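Q: This structure is in structure tokens; I'll ask about it shortly.
Read-outs throughout are calculated quantities, based only on the coordinates presented, and are distinct from any laboratory measurement. Here the structure is a predicted model, which is why all the values come from computation and not from measurement. Here the Cβ positions follow ideal geometry from the backbone for every residue, glycine too, while neighbour counts run over all protein chains shown.
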Amino acid sequence: MNETFFAMLSAYGPMVAMVIAFYFFLYRPQRTEQQRRDDMLATLHKGNKVVTVGGIYGEIMEIKNNVIDLKIADKVVVKLTRSAISRNITQGKSPQMEPEKDYPDEDTKQDE
């Protein structure tokens, strides 16, 4: 019985090791990345600045089900599917947050 166990182990051991390696090096990271992407797509809302799969930057104007109206320039709004969004640039920021100022406060005096 002991000899048959080692014979089976030597025959099927490499195959089992490959399946385990496949799971930890390929399947598991891909599943984690897909879950992160699904979470990002589910949390999109009006006002988010995003990048599409094609590399177009824009701001979400409206979301209806899986259709997103994306403003890419003044008076230019395109319709995209939700899955066409690659990255959310403003992820973690709520639309009610005050935008950062690109200019100094009025209270601070500048040397002229």
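Q: Within segment 67-92, take every residue that is part of a strand (DSSP E or B) and polar (S, T, N, Q) and give me the one that is nearest to Gln34 (Cα to Cα).
A: Step one: list which residues in segment 67-92 are part of a strand (DSSP E or B), which gives 67-73, 76-81, 85-88.
Those left that are additionally polar (S, T, N, Q): 81, 86, 88.
Details: Thr81: 17, Ser86: 12, Asn88: 15 Å.
Ranking the qualifying residues of segment 67-92, first place goes to Ser86.
Q: Considering only residues that are surrounded by 11 or more Cβ atoms within 10 Å (Cβ to Cβ) and among the β-branched types (Val, Ile, Thr), look in segment 20-59 and name the one that is farthest from Asp74 (Cα to Cα).
A: Thr43
Q: Ok, one more. Specify the residue that is surrounded by the fewest Cβ atoms within 10 Å (Cβ to Cβ); the eligible residues are those in segment 75-90 that are touching a residue at least 12 places away in the same chain (Cβ under 8 Å) and charged (D, E, K, R). Break it down stepwise before answering.
A: First, the residues of segment 75-90 that are touching a residue at least 12 places away in the same chain (Cβ under 8 Å): 77-90.
Filter once more, keeping what is charged (D, E, K, R): 79, 82, 87.
On the way: Lys79: 11, Arg82: 13, Arg87: 13.
Among them, the one singled out is Lys79.
Q: Collect the residues in segment 65-79 that are within 15 Å of Met40 (Cβ to Cβ) and not polar (S, T, N, Q), keeping them in residue-number order. Write out each step before concluding.
A: Just the residues of segment 65-79 that are within 15 Å of Met40 (Cβ to Cβ), to begin with: 66, 68.
Answer for segment 65-79, where residues must be within 15 Å of Met40 (Cβ to Cβ) and not polar (S, T, N, Q): just Ile68.
Q: On to the next question. I'm trying to understand the selection: among the residues of segment 11-47, which are touching a residue at least 24 places away in the same chain (Cβ under 8 Å) and not small (Gly, Ala, Ser)? Break it down into steps so the answer makes sense when it comes.
A: As a first pass, look at segment 11-47 and keep what is touching a residue at least 24 places away in the same chain (Cβ under 8 Å): 40-41, 43-47.
Result: Met40, Leu41, Thr43, Leu44, His45, Lys46.
Q: With the structure loaded, tell me whether Leu9 is surrounded by 11 or more Cβ atoms within 10 Å (Cβ to Cβ), part of a helix (DSSP H, G or I) and in contact with a Lys or Arg (Cβ under 6 Å, 6 or more places away or on another chain) or whether it fails that test. Write out each step before concluding.
A: Working: surrounded by 11 or more Cβ atoms within 10 Å (Cβ to Cβ): yes; part of a helix (DSSP H, G or I): yes; in contact with a Lys or Arg (Cβ under 6 Å, 6 or more places away or on another chain): no.
It is false that Leu9 is surrounded by 11 or more Cβ atoms within 10 Å (Cβ to Cβ), part of a helix (DSSP H, G or I) and in contact with a Lys or Arg (Cβ under 6 Å, 6 or more places away or on another chain).
Q: If only one of Ile72, Ile63 is touching a His at 6+ places or on another chain (Cβ under 9 Å) and free of Cβ contacts under 8 Å to residues at least 60 places away in the same chain, which one is it? Spell out how you get there, then give the answer.
A: Working: Ile72 fails: touching a His at 6+ places or on another chain (Cβ under 9 Å).
Going through Ile72, Ile63 in turn, the sole match is Ile63.
Q: Considering each residue of segment 46-66, count those that are of a type outside the set (A, V, I, L, M, F, W, C), under 19 Å from Arg36 (Cα atoms) and outside any strand (DSSP E or B), and give that number. Before you say what the answer is, go through the steps one by one.
A: First pass over segment 46-66, keeping only residues of a type outside the set (A, V, I, L, M, F, W, C): 46-49, 52, 54-55, 57-59, 62, 64-66.
Now restrict to residues that are under 19 Å from Arg36 (Cα atoms): 48-49, 52, 66.
Now narrow it down to the ones that are outside any strand (DSSP E or B): 48, 66.
Final tally of qualifying residues: 2.
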